[in-house]
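The values are calculated or read from the model by the stated rules, or taken from the named source; none is laboratory data. It should be emphasised that the depicted structure is a prediction, and the values quoted were computed from it without experimental measurement. Because the Cβ atoms are built from the backbone with ideal geometry, glycine has one as well, and the counts that use them run over all protein chains shown.
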Amino acid sequence: MIQKYKNYLIPLLVFSALYLAGYFIFINNQYITPYNNSAKLVLHIWNFITVAFITFTLILYKKIIASKVFSKTEEEEILQLQIELMKNQLDPHFIFNALNSISFSVNTGDKKNAYHNLGVFSKLMRQSIVEMEEFYRNLEDELTFVKNYLHLEKFRFKEQFNYHIIISPQVNISALVPKMCLFCYVEAALKKGVLTKLSGGNIEIKIDKNDNEDLILSIKDDGIYRDVEKLKSNISTSTTAMKHIVNYYNKHNTNKITTEYTDIGTADNPEGSQIVITIPYGFRF
């Protein structure tokens, strides 16, 4: 925006100065008398043009300065969000554990399984790197990322947990969603809810639409009592990153993305938790 207006700023300032100077010279001219109506009309017109030029110049200058500050702030916010996404997508602990499980399969002679899971791992890493600078992706890609993640964790933890993904036939899987909007809550449900339960548990992911055509993403687990309603978006570092991304998008949309946190059961009789994300129909990315 600065480049757009800067070429006009100096000429406007010069013209404003000339008009102002001309005005004062003109009103002090000895040939103009107080009784000359034509001269008075000319003075009023000159004065109007001068004030208009100066006002327009000041407004334009203020907009340029405001644009410069906003752009800098916006760029810093975007950069911070990109860093948060990279940290959570390329979690070094997950990478190390996944590779360690694959190498264990190789050492025990289960080469076929090791080769298959190495392929899944490479797809996950490739998707993370290729989409590193993106803040959104289509639902199909988000589901693929989540499936690959859960597959590798299932390979590592065996029968300690199970997962189910249910997609309504009415859902358009090419619809855009914030990147990691499913993954961050699935990861939290697995690590904080299911795997900390001695007997393990289940994760259920449901994708549906409501009567308003809004996209409904539900992540439900039967793990320990986590008091997610109290913790809300601070369930994990990845959910905190998701909160920032959603807030960023919500600033530019009338209908907001909402996240509902529900504890199932009580602390004495835990039955898990559920997170429901609603993405309004027509939400702009």
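Can you tell me which residue in segment 184-203 is surrounded by the most Cβ atoms within 10 Å (Cβ to Cβ), limited to those that are over 23 Å from K243 (Cβ atoms) and not hydrophobic (A, V, I, L, M, F, W, C)?
Among them, the one singled out is G201.
Scan segment 125-139 and tell me whether some residue there is within 22 Å of T196 (Cβ to Cβ), modelled with pLDDT under 90 and not in a helix (DSSP H, G or I).
Our first condition is that a residue be within 22 Å of T196 (Cβ to Cβ); within segment 125-139, this holds for none.
No, there is no match, as no residue in segment 125-139 is within 22 Å of T196 (Cβ to Cβ), modelled with pLDDT under 90 and not in a helix (DSSP H, G or I).
E159 passes all but one of (1) assigned to a helix (DSSP H, G or I); (2) farther than 28 Å from H244 by Cα; (3) in contact (Cβ under 8 Å) with a residue 24 or more places away in the chain; (4) touching a strand residue (DSSP E or B) at 6+ places or on another chain (Cβ under 9 Å); which number fails?
Condition not satisfied by E159: (4).
Any chance you could count how many residues in segment 246-285 are outside any strand (DSSP E or B) and under 21 Å from V194 (Cβ atoms)?
Just the residues of segment 246-285 that are outside any strand (DSSP E or B), to begin with: 246-257, 266-269, 280-285.
Restricting the remaining residues to those that are under 21 Å from V194 (Cβ atoms) gives 266-269.
The total comes to 4.
Residue check, K256 against (1) within 18 Å of the chain's Cα centre (by Cα); (2) in contact (Cβ under 8 Å) with a residue 40 or more places away in the chain; (3) farther than 28 Å from L152 by Cβ, all met but one. Which one?
Result: K256 passes all but (2).
When residues of segment 245-285 are filtered for being under 17 Å from C184 (Cα atoms), aliphatic (A, V, I, L, M) and out of contact with any helix residue (DSSP H, G or I) (no Cβ under 7 Å at 6 or more places or on another chain), how many remain?
4
Just checking, which of T262, T258 is at pLDDT 85 or above, surrounded by fewer than 19 Cβ atoms within 10 Å (Cβ to Cβ), of a type in the set (V, I, T) and within 16 Å of R284 (Cα to Cα)?
Details: T262 fails: within 16 Å of R284 (Cα to Cα).
The unique qualifying residue is T258.
From the residues in segment 105-132 that are farther than 26 Å from S238 by Cβ and not polar (S, T, N, Q), which one is nearest to the chain's Cα centre (by Cα)?
Of the residues in segment 105-132, the ones farther than 26 Å from S238 by Cβ are 105-116.
With not polar (S, T, N, Q) added as a condition, the list becomes 106, 109-112, 114-116.
Numbers: V106: 39, G109: 43, D110: 41, K111: 40, K112: 39, A114: 35, Y115: 35, H116: 33 Å.
By that ranking, first place goes to H116.
If you go through segment 200-218 one residue at a time, do you hit one that is among the hydroxyl-bearing types (S, T, Y) and not in a strand (DSSP E or B)?
no
For segment 162-189, what are the residues that are assigned to a loop (DSSP other than H, G, I, E, B), in contact (Cβ under 8 Å) with a residue 40 or more places away in the chain and among the small types (G, A, S)?
Correct list: S168, A175.
Have a look at K192, K243 and point out the one that is more than 18 Å from the chain's Cα centre (by Cα), charged (D, E, K, R) and in a helix (DSSP H, G or I). Break it down into steps so the answer makes sense when it comes.
On the way: K243 fails: more than 18 Å from the chain's Cα centre (by Cα).
Result of the check over K192, K243: K192.
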